[in-house]
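Readers should treat all values here as calculations from the given coordinates under stated rules, not as data from a laboratory. This is a predicted model, so every value here is computed, not measured. Please note: Cβ atoms are built from the backbone with ideal geometry, for glycine as well, and neighbour counts cover all protein chains shown.
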Amino acid sequence: MDDCIFCKILRGEIPSKKVYEDETVYAFYDINPAAPVHVLVIPKEHISSADQITAENSSAVAAVFEAIPKIAKQLGIQNNYRIINNCGEKVGQSVFHLHFHILSGSEVMGERLI
Ligand code: DGP
């Protein structure tokens, strides 16, 4: 997508601090970290939100979830992190390219949200 910030990051038009990359998935540090470790994991395919996942594009989402344990291991946070997705503007989604926040490393992380 031409005007999507994360597509621009994938094309190298906006710099990012890469954590992980494979054929289908890209992960990079969030520009505005909400925890000591805050990484965004995205499919390279443009999917605007979790609400747009379908049988046609879900393999990219599966690839994201296969990558997450590898990323966690690489970051040294295995089995100790939170995965968050904001789906829709009203719940705080600000970038409309599907992404999963990986958060770890703060005292707050010990508290349950739900
Ligand atoms: P959300 O609010 O759930 O849509 O999360 C979007 C996240 O994307 C937010 O935590 C900030 C991050 N973000 C926005 N623009 C950029 C950028 O240009 N670079 C990086 N690294 N992160 C960005």
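Listing for the model above:
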| item | result |
| --- | --- |
| Longest site-free stretch - the chain; sites: GluC sites (Glu not before Pro), DSSP loop, at most 13 other Cβ within 10 Å | 57-110 |
| Percent of C-alpha pairs per 5 Å bin, segment 22-99, short to long | 3, 14, 26, 26, 19, 10, 1, 0 |
| Rounded tilt (10° steps) of 58-75 against the dominant C-alpha axis of the chain | 40 degrees |
